[in-house]
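The values are calculated or read from the model by the stated rules, or taken from the named source; none is laboratory data. All values reported here derive from a predicted model rather than from experimental measurement. Virtual Cβ from ideal backbone geometry, glycine too; neighbours counted across all protein chains shown.
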Amino acid sequence: MTEKNQIPEEKKEGTAAEAVTENTPAAAESEAAKPKKDPRNRLFRSDRMTIVAPAPHAKGRNSVPRIMYTVIAALLPAAVMSILLFGTKAMVTLMVAVFAAMVAEFACNKIMKTGITVDDGSAILTGLLLALTLPPTFPIAGTALGAVVVIVFGKQVFGGLGANIFNPALLGRAFLQASFPVKITTWTLPALGGSNAYYDLVTSKAVDTVTGATPLGLMKFEGIGTHLKPLLFGNIGGCLGETSAIAILIGGLVLVILKYADWRIPLSYIGTVFLFSGALWLIDPAAYPDPLFMILSGGLMLGAFFMATDMVTSPVTPAGTWIYGIGMGVILVVIRIWGGLPEGVMYSILFMNGLVPLLNRWTRPKYFGEIQEEKKKS
């Protein structure tokens, strides 16, 4: 019987032979002849595959979740103001839109096997923007349906975040306006409305269920103006996000300061509306509204700062952004003054979204040597 730790005779012989071989001068010379590994290879070789992409390669602190949640935070003043003005109806609309958008995003991720993207905040932002474009009395089922359409047909069908052509929230709003034209144009007056002149035109009691026209509707169809103070603080009828101009302006300025929104877009958009409508007002003040009313009423402020500045659907060149904003401003004034609808922010942004690829191509800066090549060809 041999013990378990006992080495067999053949193993002993082999081990002794190897020891003798290692100690011979020839073995030492062969060992010295082998090239040593260069320790610097660890600095230049990586276990991961290197992705080669065209310039620029600058990497900053910003990321998709950081940008999305910052925009959501910038929208909080408008969302809180809508809840203060319209109560639980506004809160329910906001919650339903955000929840339905997140569920639709998660379902699309699972079906399309693209990885979970609910946590990047894009679905939350899209649902929140959609809710802010709806009246507080809009049906809950319609709000959920609109949020699903926004995610599925406004975003995922195009390939997900970064590939969509049109602003998803406005695309969903257009779908709801075509599907529920009466419900989406039924406006509830705010509960705090008993203290302003606009509210007195409609009713003398502060009742939550009282409905009335928006300032744009009163001006267009009845020729009744609205004081600027209710427009600034949101004590008017309208969508959840188009009531308080101050609340929207606070969030919009935050985005501009942080450079999450290109300042050229809201400036050119609002500036064009001011100049175009101001020229008409100077021609005939009795027939056309004043430019401050055109800026503060409706969804212009919300659209200019939070929808027209969408990084995906807006131009990337400085010249393109100016053309983009001016085009939206002209379309908006034309619809409000001569069109059949009192509001045209949604249509102006969606129309110019479709022209963004052309604007990027037409306003692309010349690369080095391109002008000389063109002269040679001509």
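Which pairs have Cβ atoms under 6 Å, sit 6 or more apart or on different chains, and link a residue in the stretch 118-138 that is closer than 18 Å to ILE184 by Cβ to one that is among the small types (Gly, Ala, Ser) and in a loop (DSSP other than H, G, I, E, B)?
Sorted first by the residue in the stretch 118-138, then by its partner, the pairs are LEU132/GLY241.
Report the residue count in the stretch 85-137 for those that are over 25 Å from TYR347 (Cβ atoms), touching a helix residue (DSSP H, G or I) at 6+ places or on another chain (Cβ under 8 Å) and not in a helix (DSSP H, G or I).
Of the residues in the stretch 85-137, 5 are over 25 Å from TYR347 (Cβ atoms), touching a helix residue (DSSP H, G or I) at 6+ places or on another chain (Cβ under 8 Å) and not in a helix (DSSP H, G or I).
Within the stretch 300-346, track down each residue that is aromatic (Phe, Trp, Tyr) and touching a residue at least 24 places away in the same chain (Cβ under 8 Å). Show your work before the answer.
As a first pass, look at the stretch 300-346 and keep what is aromatic (Phe, Trp, Tyr): 305-306, 322, 324, 338.
Answer for the stretch 300-346, where residues must be aromatic (Phe, Trp, Tyr) and touching a residue at least 24 places away in the same chain (Cβ under 8 Å): PHE305, PHE306, TRP322, TYR324.
In the stretch 266-277, what residues are surrounded by fewer than 24 Cβ atoms within 10 Å (Cβ to Cβ) and either touching a residue at least 60 places away in the same chain (Cβ under 8 Å) or farther than 24 Å from ALA174 by Cβ (or both)?
LEU267, SER268, GLY271, THR272, PHE274, LEU275, SER277
Could you tell me which residue of the stretch 69-89 is farthest from ALA247 (Cα to Cα), considering only residues that are within 16 Å of the chain's Cα centre (by Cα) and not hydrophobic (A, V, I, L, M, F, W, C)?
Across the stretch 69-89, the extreme among qualifying residues is TYR69.
Residue by residue through the stretch 285-299, note down the ones that are touching a residue at least 60 places away in the same chain (Cβ under 8 Å) and either closer than 22 Å to THR133 by Cα or not assigned by TED's automatic domain parsing to the domain that holds ASN360 (or both).
Restricting attention to the stretch 285-299, the residues satisfying the condition of being touching a residue at least 60 places away in the same chain (Cβ under 8 Å) are 289, 292-293, 296-299.
Across the stretch 285-299, the qualifying residues are LEU292, PHE293, LEU296, SER297, GLY298, GLY299.
If only one of PRO357, PRO342, PRO318 is under 18 Å from GLY162 (Cβ atoms) and at pLDDT below 95, which one is it? Give the steps one after another, and end with the answer.
Details: PRO342 fails: under 18 Å from GLY162 (Cβ atoms); PRO318 fails: under 18 Å from GLY162 (Cβ atoms).
Answer to the check: PRO357.
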